[in-house]
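Read through the structure below, which is laid out as structure tokens, and then see the notes.
The values are calculated or read from the model by the stated rules, or taken from the named source; none is laboratory data. Here the structure is a predicted model, which means the values were calculated and not measured. We place every Cβ from the backbone using ideal geometry, glycine too, and count neighbours over all the protein chains shown. For the accessible areas, the whole protein counts, side chains as well, though only heavy atoms, and no ligand, DNA or RNA atoms are used. Shrake-Rupley method; radii C 1.70, N 1.55, O 1.52, S 1.80 Å.
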Amino acid sequence: MKKSDKILILGSIGLDTIETQYGKKEDLLGGSATYATIAAGIYGSAIPVGIVGDDFPKDGYDIFSKYSININNIETKTGTTFRWGGRYHENGDDRDTLFTELGVFEYFEPIIDEKDSNISWLFLANIHPALQTMVLKQCTNSPYVITDTMNLWINTTAKELRSLINETNILLINESELVELIKTDDIITAAHKVLSMGPEKIIVKLGSKGARCFSKDEEISIGVYPVSKVIDPTGAGDVFGGGFVSGMSEGLSVYDSMRRGTALASFCIEDFGVSRLLNIRHEELEERINSIK
Ligand code: AMP
């Protein structure tokens with residue numbers, strides 16, 4: 001595989017309890033940075049940034065070590081690791097958050113290792129926009145910034161989020177989050193409103209319907225790789241993001257980067273947590289990428 005530029009990836013690192021129609025699993029390795037790091041790390045380009053408690057399991061560290069260029073920006077602090085619980089509805093797409101325990105994330109103040117602060121690619125995966133801004137400010141080489149977010153921040157920290165969006169090159173967002181952010185059901189109008197807020201592109205993630213990328217004068221749409229049994233959709237968006245950024249950092253087109261992200265996300269949802277992602281064969285990944293239009 002082609003070696004890409006390094007990507008600094010900020011996000012949550014946690015232990016998830018997930019209930020879907022296929023069962024319930026506790027304390028699975030999860031978090032937006034985790035999913036994104038594994039996806040980008042398959043192509044060898046990830047440097048994760050996050051914090052864990054002293055209860056974080058050894059296999060969590062092992063997985064990060066395997067998929068990261070270095071884990072110097074993962075801080076371990078006395079206390080409990082971030083925990084999140086979610087239950088999916090029968091339709092497999094909608095979910096309820098059952099609990100969010102910030103643990104050591106509550107007082108997290110990321111300090112980026114000097115050796116990593118001159119990166120050219122920054123993926124701000126879903127986390128509090130104040131943390132996303134803190135990391136962006138420490139990057140010394142005006143990186144290309146790709147930002148993801150969620151409805152919680154749209155509803156609780158709108159001002160901070162808007163100023164971060166202004167400094168973002170590409171915003172990744174779910175369809176329903178875009179509707180909440182811009183307060184219109186019309187996706188095309190909403191996407192162009194976001195473009196007027198600063199980003200050069202916005203990618204709207206449509207779940208099982210694929211994704212659309214809007215820029216001022218172009219729109220690119222792609223579908224999905226059909227997965228017959230969606231066991232656990234958690235992290236699909238983060239995996240899409242990690243795969244997408246790794247493609248961009250290698251100089252692939254936006255379309256091909258979206259195909260890579262989409263193919264990786266199709267593996268993510270085939271099993272609980274990150275387990276299927278850890279067992280992707282190169283040929284099956286290539287086959288899925290090539291089949292996505
Ligand atoms: P996704 O399915 O792409 O929304 O990502 C799910 C991941 O986001 C899970 O592994 C959770 O640990 C993580 N997560 C849930 N809530 C939050 C939050 N408020 N901030 C950061 N990460 C979160």
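In table form, for the structure just shown:
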{"read-out": "Ellipticity estimate at 222 nm from DSSP helix runs (n ≥ 4, -39,500 (n - 2.57)) divided over the chain, nearest 500", "value": "-10000 deg cm²/dmol"}
{"read-out": "Shape of the range 1-155, Cα gyration tensor, a/c cut at 1.5", "value": "prolate"}
{"read-out": "The range 122-170 - Rg over Rh from alpha carbon coordinates, Kirkwood radius", "value": "0.93"}
{"read-out": "Over the chain, relative contact order from alpha-carbon pairs under 8 Å, at least 6 apart, %", "value": "17"}
{"read-out": "Chain lengthening between residue 209 and residue 189 when straightened (0.36 nm per residue, less Cα-Cα)", "value": "5.3 nm"}
{"read-out": "Cα gyration tensor of the range 51-107 - equivalent ellipsoid semi-axes, whole Å, descending", "value": "26, 16, 9"}
{"read-out": "Choice from 275, 257, 246 with maximal GNM fluctuation in the chain (Cα, 10 Å cutoff)", "value": "275"}
{"read-out": "Within the accessible area of the range 6-286 (1.4 Å probe), percent carbon and sulfur", "value": "49"}
{"read-out": "Fraction of beta bridges assigned by DSSP in the range 1-99 that are antiparallel (%, nearest 5)", "value": "40"}
{"read-out": "Nearest-10 value in Å² for the accessible area of residue 47, using the 1.4 Å probe", "value": "0"}
{"read-out": "Trypsin sites (Lys or Arg not before Pro) lying in DSSP loop within the range 190-262, provided at most 16 other Cβ fall within 10 Å", "value": "216, 229"}
{"read-out": "Dipole of the range 6-286 [Lys/Arg +1, Asp/Glu -1 at C-beta], most positive-end residue of 98, 158, 82", "value": "158"}
{"read-out": "Simple Cβ-charge dipole of the chain, Lys/Arg +1 and Asp/Glu -1, about Cα centre, in debye nearest 20", "value": "500"}
{"read-out": "Accessible surface, the chain, averaged per residue in Å² (probe 1.4 Å)", "value": "43"}
{"read-out": "Electrostatic dipole magnitude of the range 145-228 [Cβ: Lys, Arg +1; Asp, Glu -1; Cα centre; debye, to 20]", "value": "60"}
{"read-out": "Geometric extent, Cα atoms of the chain - Rg, Dmax (angstrom)", "value": "17.4, 50"}
{"read-out": "The range 1-96: trypsin sites (Lys or Arg not before Pro) in DSSP coil with no more than 16 other Cβ atoms inside 10 Å", "value": "2, 3"}
{"read-out": "Distance from the range 18-39 to the range 205-247 (C-alpha centre basis), Å", "value": "18"}
{"read-out": "Top positive-direction residue, dipole computed over the chain with Cβ charges, set 128, 262, 112", "value": "262"}
{"read-out": "Positive-end extreme of charge dipole, the range 6-286 - chosen from 11, 211, 28 (charges on Cβ)", "value": "211"}
